[in-house]
Structure formats: structure tokens, C-alpha cells
Amino acid sequence: MQGLRKGLRSGALLAALAAAAPASAQTVVNDGLYLFSPTPTGQTGGGLGNQVTILTLLNQGQQTTTQGCVTPGGIGTQATCGFVDDDVQQGQSQTQFIAGLTGETVRLGFNATEPNNELATNLEALQLTLYSNNTALARFNLASPATLTNTLNGIGNFGFQFALTEQAISVFNSFLGQSNLSLGVGARVSGVAGGPETFNLAAGTPQNGGGGAGSVVPEPSTYVLMGTGLLGLAGFARRRTRKS
């Protein structure tokens, strides 16, 4: 009995540590996004005001790379969402959500407004983050850089579409019961000569994922809770061994 009590006490300590974990702890799904539409598609010529725009980037001067991210609190930083705030356009970048959106229907549109579509735009990194209020619940990353050509002219076009992989859909849907959900985007794009580059949210036809199964990195508190259970079982096992 004494061993079991010790195990439970250790478990209680670990549970307390889990409760004290930072609010920014999140589940990260690597390979969570894939290129759903390899050619420009969707709504065209709508303008920023007619799209559910999350992120707008505009490179400065002669720079050929642009990056940034947005959170519920506004423009993000390297510390809050993993991208340097170089080029995020205030007033045209904010977290968004669409009523009834599910993991199967999430579509993230990317439109690079480049002169005469002359350049191939390299999407070096893309990250979609699901928030509840100001807390990041899950992050979904593009598995590898994508080179995109023949972008749609006109600011606010929907352009190329990205969707969630099968594993990401499962994670996304597990959080749908949380309050005040919103989606933020972070991106780094190279090979740009014009701009702005926009990322828009839409609800598409339900699909069951693609582009690979994805891999999930649990949040830190998950490991703590696993340790709680293992320590409890270890204490119970010691008690049974001594008794026998």
C-alpha cells in the first residue's frame, strides 16, 4: 500500500506540473498541410474586402523574400508564431474563422500578385495555427517548400489552395468544441518582385485528407500526464511484488 501511495503522490506532483504548463503549449502536426490545388483556382478578382483574408505580406524595397505571421493579438513575432515580422500589412491581416468549418473543409488560399506572372514564387514555409481566444491549440506545417508558377493576377484572388492532411484533420476536429476559435497564418515567400502576397480562408468540399499521413508532436503536458500514469502503475506493481 505504501508503494501505491508513493506512486500516487508522485503522480499528483506531475499533474500539478502539467497544470502549470504554459498556455502557449500546443500540438504541432508536421506535414499537416499539402497542396490541394496545384494550379490557381477558386474565386478570382474579388479583392481583399471580399475574401476572408488572414495574412497580407508586402516586401520592402528590393527584397525578394517576404515573411511574417498573425495571431489573435495582432501581428506576430518570432517568439509568438515563429516568423520575423518583416512585411505584415496591418489592417489587412487578422485571425479568421468561418462558422461550421471542419478539418475536412479547411482551405487556405495563396495568391502571389507578381508582375505578368513572370516569376516562380517559392513558398519556403507555411503554417496554419488554430487558436482558442489567445491560446494556440495546434499548428499545422507545410511538409516541404513549394514552387508555384502562373499565379493569378489581381490582389485578393484565391489562387493556390492548401488543405489539411488526414492526421491534421483529426487533430483539428478534436478542438472544435473550444470557445472563440480562430485561425492564424505564418509564411515565408521568396522569389517575389511585386506583391502583396495574400493568404485567404475558405470552406471547401469535405475531403478526407491527402499528401501523407503527417506526424504529430504532442504538447509538453501530454508527456507529463503520461508520466503520471506510468508512475502510478509502477507504484502499484511494487506493492504487488512485495505482497507476493
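The values are calculated or read from the model by the stated rules, or taken from the named source; none is laboratory data. Remember, it's a predicted structure, so these values are computed and weren't measured experimentally. Heads up, the Cβs are rebuilt from the backbone with ideal geometry, glycines too, and the neighbour counts pull from every protein chain shown.
Values for this structure:
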item: Within the range 94-129, considering residues that are over 19 Å from PRO145 (Cβ atoms) and modelled with pLDDT under 90, the one nearest to the chain's Cα centre (by Cα); result: THR113
item: Breaking point among (1) in a loop (DSSP other than H, G, I, E, B); (2) modelled with pLDDT of 90 or more, for LEU152; result: (2)
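Per-residue answers, yes or no, for (1) assigned to a loop (DSSP other than H, G, I, E, B); (2) within 18 Å of ARG139 (Cβ to Cβ):
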| site | (1), (2) |
| --- | --- |
| THR80 | no, yes |
| ASP85 | yes, yes |
| SER93 | yes, yes |
| ALA99 | yes, no |
| PHE110 | no, yes |
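Yes/no per residue for (1) part of a helix (DSSP H, G or I); (2) in contact with an Asp or Glu (Cβ under 9 Å, 6 or more places away or on another chain); (3) closer than 19 Å to LEU123 by Cβ; (4) modelled with pLDDT of 70 or more:
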residue: SER10; (1), (2), (3), (4): yes, no, no, no
residue: LEU13; (1), (2), (3), (4): yes, no, no, no
residue: ALA21; (1), (2), (3), (4): no, yes, no, no
residue: ASN30; (1), (2), (3), (4): no, no, yes, yes
residue: PRO40; (1), (2), (3), (4): no, no, yes, no
residue: THR44; (1), (2), (3), (4): no, no, no, no
residue: THR56; (1), (2), (3), (4): no, yes, yes, yes
